[in-house]
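Each remark here refers to the structure printed beneath this line.
The values are calculated or read from the model by the stated rules, or taken from the named source; none is laboratory data. Note that the structure is predicted; figures quoted are calculated from it, not measured. Note: ideal-geometry Cβ built from the backbone for every residue, glycine included; neighbour counts use all protein chains shown.
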Amino acid sequence: MENRPPANGQAQPPVLLSVQGLSLEYARRHAFRAKRTETHALRDVSFDLREGETLALVGPSGSGKSSLAKCLVLLETPSTGRILYRGTDILQLPPEARREVRGEMHLIFQDASTALNPRWTVTEIVREPLTIHSKGLSSAESTRLVIEALEQVELGANWHARRPRELSGGQRQRVALARALMLRPKLLILDEALASLDLSAQGQLGNLLLELQQRYAMSYLYVTHDMRMASVLAHHFAVLDGGRIVPRTLPTELIAGTLQPVS
């Protein structure tokens with residue numbers, strides 16, 4: 001894989017996602033105390049992600065990266081702040097409007113096996129978003145879209161009837177990516193999505209992500225502790241540590257700096 005061409009020198013694309021002053025607190029009750037304490041997972045986090053670009057959100061384990069990813073897809077409710085998608089604060093939307101926005105963004109976790117129904121075939125798993133979002137397609141049309149999505153992630157017909165336990169880690173991630181593509185999302189949030197794969201599978205999926213981004217002008221928020229992959233995939237970087245966005249320098253300095261990958 002080659003490094004991304006710099007975004008500088010070109011007209012800035014519109015901002016797709018703007019996170020403003022986001023904080024997340026958890027109340028913790030102690031076994032032998034009546035008093036509860038607050039744990040701050042995120043503190044005043046702000047950043048912008050533009051259309052068709054990749055922002056790498058890098059940081060060590062426990063820095064708040066996964067908490068942030070869950071807030072963006074509304075699996076967690078932040079304590080304060082705003083999440084603007086195309087200029088609209090999704091936290092203020094009614095349920096039906098939130099559902100529409102959720103169809104345009106998708107979260108892929110590190111271990112796809114935890115998000116794939118082990119009893120379903122690959123075809124059933126990839127078809128699921130069409131069912132959830134009630135697209136009203138005929139069986140033939142939905143089957144065509146499933147086959148198309150699986151072809152895009154290079155899983156041919158001999159994989160369609162298999163179940164997650166019959167797939168390798170890289171193949172399960174491809175299934176998760178195919179499922180994400182079903183609704184043509186504008187934003188993919190990749191939460192350590194390549195971290196559990198070997199170097200060969202990382203390279204293959206990394207190239208696939210670059211190709212899909214170019215084809216569909218998708219934006220990626222690449223959540224990772226892996227400086228090497230981040231430098232390949234990302235146009236821009238933000239460093240999260242202790243729940244805060246911290247000052248950072250150039251990507252090459254980040255790779256050689258004090259922030260080290262965590263095994």
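Here is a yes/no grid of residues against (1) among the charged types (D, E, K, R); (2) free of Cβ contacts under 8 Å to residues at least 60 places away in the same chain; (3) part of a strand (DSSP E or B):
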residue: Leu155; (1), (2), (3): no, yes, no
residue: Arg172; (1), (2), (3): yes, no, no
residue: Leu177; (1), (2), (3): no, no, no
residue: Ser196; (1), (2), (3): no, no, no
residue: Gln202; (1), (2), (3): no, yes, no
residue: Gly206; (1), (2), (3): no, no, no
residue: Leu212; (1), (2), (3): no, no, no
**Request:** Give the residues of the stretch 68-97 that are in contact with an Asp or Glu (Cβ under 6 Å, 6 or more places away or on another chain) and not in a strand (DSSP E or B), sorted by residue number.
**Result:** Ala69, Lys70, Ser79
**Request:** Output the residue which, of all residues in the stretch 25-64 that are among the aromatic types (Phe, Trp, Tyr) and not in a loop (DSSP other than H, G, I, E, B), is modelled with the lowest pLDDT.
**Result:** Tyr26
**Prompt:** In the stretch 139-153, which residues are exposed (fewer than 12 other Cβ atoms within 10 Å of the Cβ) and within 12 Å of Thr123 (Cβ to Cβ)?
**Reply:** Ser139
**Request:** Report, by residue number, each residue of the stretch 69-85 that is hydrophobic (A, V, I, L, M, F, W, C) and buried (at least 16 other Cβ atoms within 10 Å of the Cβ).
**Result:** Ala69, Cys71, Leu72, Val73, Leu74, Ile83, Leu84
**Asked** Does Glu166 satisfy the criteria of being farther than 26 Å from Ser18 by Cα and modelled with pLDDT under 90?
**Response** no
**Message:** Can you report the number of residues in the stretch 179-194 which are in a loop (DSSP other than H, G, I, E, B) and of a type outside the set (Gly, Ala, Ser)?
**Reply:** 7
**Request:** Being among the hydroxyl-bearing types (Ser, Thr, Tyr), surrounded by 15 or more Cβ atoms within 10 Å (Cβ to Cβ), over 26 Å from Ala157 (Cβ atoms) and in contact with a strand residue (DSSP E or B) (Cβ under 9 Å, 6 or more places away or on another chain) narrows it down to one of Ser46, Ser63, so name that one.
**Result:** Ser63
**Request:** Test Gln12 against the criterion of being assigned to a loop (DSSP other than H, G, I, E, B), at pLDDT 65 or above and of a type in the set (S, T, N, Q), and give yes or no.
**Result:** yes
**Message:** Return the pair list, or none, for Cβ contacts closer than 6 Å from residues in the stretch 60-88 that are under 25 Å from Ala230 (Cα atoms) to residues that are part of a loop (DSSP other than H, G, I, E, B) and at pLDDT 90 or above, at least 6 apart or on different chains.
**Reply:** Gly64/Gly243; Lys70/Glu76; Cys71/Pro78
**Message:** Condition first: crowded, with 17+ Cβ neighbours inside 10 Å, closer than 25 Å to Gly62 by Cβ and modelled with pLDDT of 85 or more. Can you find one or more residues in the stretch 245-262 that meet it?
**Reply:** yes
